[in-house]
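> Below you'll find the structure I mean.
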Amino acid sequence: MQKNEVKKVVILGGGTAGWLSAGLIAAQPHLTHNAQITLIESPDIATIGVGEGTWPTMRQTLKTIGISESEFIQRCDASFKQGSRFDGWCDDEGDAHYYHPFSLPVAYQQLNIAPYWFANKDAVSFSHAVASQTYLCDHHKAPKNHLHSAYQGEANYGYHLDAGKFAMLLQQHCTTKLNVEHIVSHVECINSDEDGYISSLQTRDHGTIAGDLFIDCSGTHAKLLHQHYGIELIEQHDVLFNDRAVAVQVPYLNPQQEILSYTKATAQDAGWIWDIGLQSRRGLGMVYSSRFANSEDAKQALSQYIAKTQPGTAQNELIFREISFTPGYRRRFWYKNCLAIGMSAGFIEPLEASALVMVELGLNNLLANFPTHRAAMPTLAKRFDEQCHYRWKRIIEFLKLHYVLSKRTSPYWQAHKEANSIPLQLQENLALWQYQSPWLNDFDRAQEVFSAASYQYVLYGMKQLPQFPVLAMPAAIIEHFSANQQQAKRGLQQLPTNRELLNHIQQFGIQPI
Amino acid sequence: MANHVLLDNISHKDLKVITTRGANWGDNISCATVFPSEFAKVQANQPIVFRKHPQTGQFEALALFGFENGENLLLNEQGELQLSYLPLSMQRQPFLIGQQTQYNNGIPEQSLVVHIDLDSPRISTHDGEAIFLEHGGNSEYLNHIAQVLNALHQEHQTINLFFERLLSVNLLEAFSIEYADKNGEKVTVSGFYTINQQVLNGLTAEQLKQLQQQGDLQAIYMVLASMEHIPHLLNKKWAQQ
């Protein structure tokens, strides 16, 4: 009995995924029967560190790990993120944009307000009509003020952060406060027992590290799940074409420059450019498909974007970093006593910042049903795989949605509209949504990655309106819309800008309650 | 409006300060900042509550006199205020601590200096306490003020640590005060914090010992005891409505 109990968890990889895993597991010993945690990272491998946008879930994650919001913001160059803005996705013309805010549409818990908006569609955009947060985004407002407690705010929010600094903070917290053992050494060989379960990792300088459960956070190489167990990627090239990125960090010319409250995604002929505002710099990148463009095209597009959005930037001082990836997810995510968390499990593209949230969801899943004994693993692994597959499929459909409704004319965008590139489930839903608005029944799991609200924001942002008669507006509905406008007005009056609040937090911090 | 200037014995040689307390001299205030070393004296007569400072968002402790802006329920019918203990933050008025850079052999040194608010209603040329003696020396009164300002300076240095220690064991909790106004409408005053008694009762011996050694334990119990004055203050409000 004793033999196969899970007493020690070994995490391979010291990027954000590895340290988030260490933090979430070590901070909740009651869920793991006090399992011990060791994290092994190779000194030879640089972490990718482009996952710089989080979901609102990160607030609970940090709180659980026991990191104060002040420290997080002070040390990770972090800023507040309230959603995404999509510029130029609808068509080739002009600067049309739409938002996908983190806040749910007004009255979402009671009713679906979307159908009532159609009557007003020419006067006000969907997200402005139903989410006061949209106005905050328009004006670079923070989602909270200096009197709010840590992790609480007026509007729903996540963060933009410096992934390298974030990993450092997590590492320090895990090793000094959560008793996580940290080994820096190259793993030379993986030892298995007679049942094919991993028994230990052989390191170059620290001998053999035995463990009962292994978490593969080694990035796209997936050293354990792929290189050792041979579990392949289910590639998604045919659906989502992006497989390259060029990233660059651009310091602000004026240190008090306003900071965007959202990730700005601007469509390009063969991909799109992300624009993330931190305290000291912006993180930019062009993600594109190698079928339709090369790295020179991408750098040129980025250069033009920088020249346009921040004239006067000394571009010859910028360092452009090229990244290559295969869009896809693993056939299995938990095999024997080994799980993949992070890029080792899969990666599609940075659109909608699903990378870190998938790390959080995976770990929450693991911890909700932690295997205290090897005998529990096959069943738990089966469920884990099923859950992960479901999520990846939904993510892929939701990301694809952003492309299929576009009227852009370049070959890349045209290819996105070809029927054989669109998952069946999405095709079905799109057909349905010509006659009704996305709603709770369309996504009925307790923990959906993207809710019906997200689909509404994108569909109606892309001007994809259903064909049904415009509904007359009952007084109660008018009240919901006007309550939303009132809330926007209050927010604009009372909330500081992102920059103002971040300056304040640098000086005074933010109270835990 | 405040008009803060550096105090000096030439420009201000004839100034006097009215030390009588009352509405006419700016005591129509609903609260005053207090510090842990004062809690024992304050709790005898007023509730001590915590809140976040409106500008800095840092925690501070207040002696509560009323529930609305400018409402001091402790003023008598003549508008006079008679407190058995006057908090340091009120004693100091109309003086403040200022910082000045002085050069000692070319090396800049920060020193504390006394500022005065010339727009305070307490400033007078005929009534009250003289600030300077006839030939420019400090009056007894000014010496006392210097001591008060010094004490306040010390308290300001350590107050954040006091709250950090309380927060580190989750001892603070938010609360609000509800009452009915003269039209019977419910009014909620929120943004207050106090000691969470349940958490306090559940602290380990080691945690209690730590608090005791820092001198926090007494302050904590003073705050809890002072809460009994909230209903009394509300009674005064009802009586006035």
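The values are calculated or read from the model by the stated rules, or taken from the named source; none is laboratory data. Because the structure is a prediction, the values reported are computed rather than measured. Note that each Cβ is placed from the backbone with ideal geometry, even for glycine, and that neighbours are counted across all protein chains shown. SASA here: full protein model, heavy atoms, side chains in, ligands and nucleic acids out. Shrake-Rupley method; radii C 1.70, N 1.55, O 1.52, S 1.80 Å.
> Spelling out what I want: for every residue of the range A:263-272, take phi, set θ = phi - 60°, compute 6.51 cos²θ - 1.76 cosθ + 1.60 (Karplus), and round to whole Hz; glycine and proline get x.
Residue by residue, the range A:263-272 yields 7, 9, 10, 10, 5, 10, 4, 10, x, 7 Hz.
> Right, next: Quickly work out the A:A210-to-B:N3 label distance, labels modelled 7 Å from Cα along the C-beta direction, and quote it in nm with one decimal.
It works out to 8.2 nm between the two label points.
> Could you compute the FRET efficiency for B:S11 and A:S149, with r as their C-beta to C-beta distance and R0 at 30 Å, rounded to 0.05?
It comes out at approximately 0.05.
> Under the definition of Cα pairs under 8 Å and six or more residues apart, what whole-number percent is the relative contact order of chain B?
Reported as a whole number, the value is 27 percent.
> For the range A:355-401 and the range A:296-328, what is the centre-to-centre distance using only Cα atoms, to the nearest Å?
Cα centroid of the range A:355-401 versus Cα centroid of the range A:296-328: 34 Å apart.
> Keeping every protein chain in place, order A:D44, A:D162 by accessible area at 1.4 Å, biggest value first, i.e. largest first.
A:D44, A:D162
> Across peptide B:55-63, what mean number of C-beta atoms from other chains lies inside 10 Å of a residue's C-beta?
Counting other chains' Cβ atoms within 10 Å and averaging over B:55-63 gives 3.
> What length, rounded to one decimal in nm, is gained on full extension from A:S290 through to A:D444, with 0.36 nm per residue of separation minus their alpha-carbon distance?
51.8 nm
> Output the peptides A:429-435, B:11-17, A:343-349, A:154-160 sorted from most to least packed, where packing is the average of other Cβ atoms within 10 Å over each peptide's residues.
Descending packing order for the listed peptides: A:343-349, A:154-160, B:11-17, A:429-435.
> Tell me the mean residue ellipticity at 222 nm calculated for chain A from its helices only (DSSP H runs of n ≥ 4, each -39500 (n - 2.57), averaged over every residue, nearest 500).
Calculated from helices alone, the mean residue ellipticity at 222 nm is -10500 deg cm²/dmol.
> Separate question: For every other residue with a beta carbon closer than 10 angstrom to the beta carbon of B:E60, add +1 if it is Lys or Arg and -1 if Asp or Glu, then tell me the sum.
Cβ neighbours under 10 Å give a net charge of +2.
> Here is a follow-up. For a Förster distance of 45 Å, can you work out the FRET efficiency between the beta-carbons of A:Q464 and B:W238, rounded to the nearest 0.05?
The calculated FRET efficiency here is 0.15.
> Can I ask one more? Explain nothing, just the number: relative contact order of chain A, from Cα pairs under 8 Å at least 6 residues apart, as a whole percent.
Worked out over chain A, it gives 24 percent.
> So how many Å³ per residue does the convex hull of the Cα atoms of the range B:61-108 work out to?
With only Cα atoms used, the range B:61-108 gives 134 Å³ per residue.
> For helix A:163-177, what angle does its Cα long axis make with the longest principal axis of chain A, in degrees from 0 to 90 and rounded to 10?
It works out to around 50 degrees.
> Tell me, what % of the accessible area of the range B:4-240 is carbon and sulfur with a 1.4 angstrom probe?
Carbon and sulfur together cover 46 percent of it.
> Further question: Tell me the Rg and the Dmax, in Å, that the Cα atoms of the range B:4-240 produce.
My reading of the Cα-based Rg and Dmax gives 20.3, 68 Å.
> Taking only Cα atoms, what is the 0 to 90° angle, nearest 10, from helix B:140-168's long axis to the longest principal axis of chain B?
Once rounded, the angle reads 30 degrees.
> Over the range B:83-182, what is the mean sequence separation of C-alpha contacts under 8 Å (at least six apart), divided by residue count, expressed as relative contact order in percent?
22 percent
> Shifting gears a bit: Show the residues, 5+ positions off or on another chain, whose built amide H is closer than 5 Å to the amide H of A:A345.
HN-HN under 5 Å from A:A345: empty list.
> Let me ask something else. Work out from phi, with θ = phi - 60° and the Karplus expression 6.51 cos²θ - 1.76 cosθ + 1.60, the ³J(HN,Hα) of each residue of the range A:125-130, listed in order in whole Hz, and give x for Gly and Pro.
Listing the rounded values in order: 5, 4, 5, 5, 5, 10 Hz.
> Something else now. Quick check: the angle from helix A:475-494's long axis to the longest principal axis of chain A, C-alpha only, nearest 10 degrees?
70 degrees
> Going highest first, how would you order A:18-28, B:35-45 by mean Cβ packing within 10 Å?
Going by the mean number of other Cβ atoms within 10 Å, highest first, we get A:18-28, B:35-45.
> Search the structure for amide H atoms under 5 Å from the amide H of A:L260, placed 1.01 Å from N in the peptide plane, and list their residues when 5 or more places away or on another chain.
For A:L260, the qualifying residues are A:G277.
> Which aspartates and glutamates, on any chain, are close to B:K186 with Cα under 19 Å apart, when same-chain ones fewer than 8 places away are left out?
B:E68, B:E71, B:E178
> At 222 nm, what value in deg cm²/dmol follows for chain B if DSSP H runs of at least 4 each add -39500 (n - 2.57) and the sum is divided by all its residues, to the nearest 500?
-9500 deg cm²/dmol
> Around B:K16, which amide H atoms from residues at least 5 apart in sequence, or from another chain, sit under 5 Å from its own amide H, with H modelled in the peptide plane?
When sequence neighbours closer than 5 places are left aside, the close amide H contacts are B:S124, B:T125.
> For the protein assembly as shown, place one equal point scatterer on every Cα, skip the solvent, and apply the Debye formula. What is log10 of I(q)/I(0) at q = 0.07, 0.08, 0.10 Å⁻¹?
-0.65, -0.82, -1.12
> For labels at A:E5 and A:K308 in the simple 7 Å Cα→Cβ model, what's the distance in nm?
Reported label-point gap for A:E5 and A:K308 is 6.2 nm.
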